[in-house]
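Encoded as structure tokens, the structure appears first; notes follow it.
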Amino acid sequence: MRDLDIGQGIVIPEALLRSTTSRSGGPGGQNVNKVESRVTIEVEVDALPLDDEAKQRIRTKLAGRINRAGVLHVTSQAERSQLANRDRALARLEELLRDAITPEKPRRKSRVSKAQKKKRLEDKRKHAEKKRLRKV
């Protein structure tokens, strides 16, 4: 395995990552029945070298991938080789963590312009008139 670089100068050492393999489903013939090509990468959220705020963001954004013990799971079984699945799972974990730790921009309130309101109401009036004329 390799260290994960999730940006902002943060690197997760490979010592914190656990990798397990299992038999994968899908196409592959006899190879599927013999080879453990599915790869699951696990990392404990509390052990990550991040501040508490970033860990909390990870817990909320990736809640569906974290079990009760606080372990984040990422699985890959798309490829037929174990190495390709491991690389794919590591890349996905890196991407998920990178997206989760970046704080969201606060939403700025916006207003609908008078011209847009006027156009919407005019279109609504025209549509209602068209429907009314069909009834008669």
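Structure values in brief
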read-out	value
Residues being assigned to a loop (DSSP other than H, G, I, E, B), under 16 Å from residue 87 (Cα atoms), touching a helix residue (DSSP H, G or I) at 6+ places or on another chain (Cβ under 6 Å) and of a type outside the set (Val, Ile, Thr) - total across region 3-38	2
Any hit, region 43-58, residues being crowded, with 17+ Cβ neighbours inside 10 Å, under 18 Å from residue 22 (Cα atoms) and not polar (S, T, N, Q)	yes
Checking residue 34 against (1) at pLDDT 85 or above; (2) surrounded by fewer than 17 Cβ atoms within 10 Å (Cβ to Cβ), the condition it does not meet	(1)
Positions within region 78-136 being among the hydroxyl-bearing types (Ser, Thr, Tyr) and farther than 30 Å from residue 36 by Cβ, in sequence order	102, 110, 113
Members of region 83-136 found to be of a type in the set (A, V, I, L, M) and either over 22 Å from residue 73 (Cα atoms) or without any contact (Cβ under 8 Å) to a residue 12 or more places away in the chain (or both), listed by number	83, 84, 91, 112, 115, 121, 128, 133, 136
Matching option when the condition is over 14 Å from residue 12 (Cβ atoms), loosely packed, with under 10 Cβ neighbours inside 10 Å and basic (Lys, Arg), among 118, 130, 61, 124	130
Subset tally (residues that are assigned to a helix (DSSP H, G or I) and out of contact with any Leu (no Cβ under 8 Å at 6 or more places or on another chain)) for region 92-109	4
Residue selected from region 66-91 under the condition surrounded by fewer than 15 Cβ atoms within 10 Å (Cβ to Cβ) and assigned to a helix (DSSP H, G or I), by the criterion nearest to the chain's Cα centre (by Cα)	91
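The values are calculated or read from the model by the stated rules, or taken from the named source; none is laboratory data. Keep in mind it's a predicted model, so treat the numbers as computed, not measured. Heads up, the Cβs are rebuilt from the backbone with ideal geometry, glycines too, and the neighbour counts pull from every protein chain shown.
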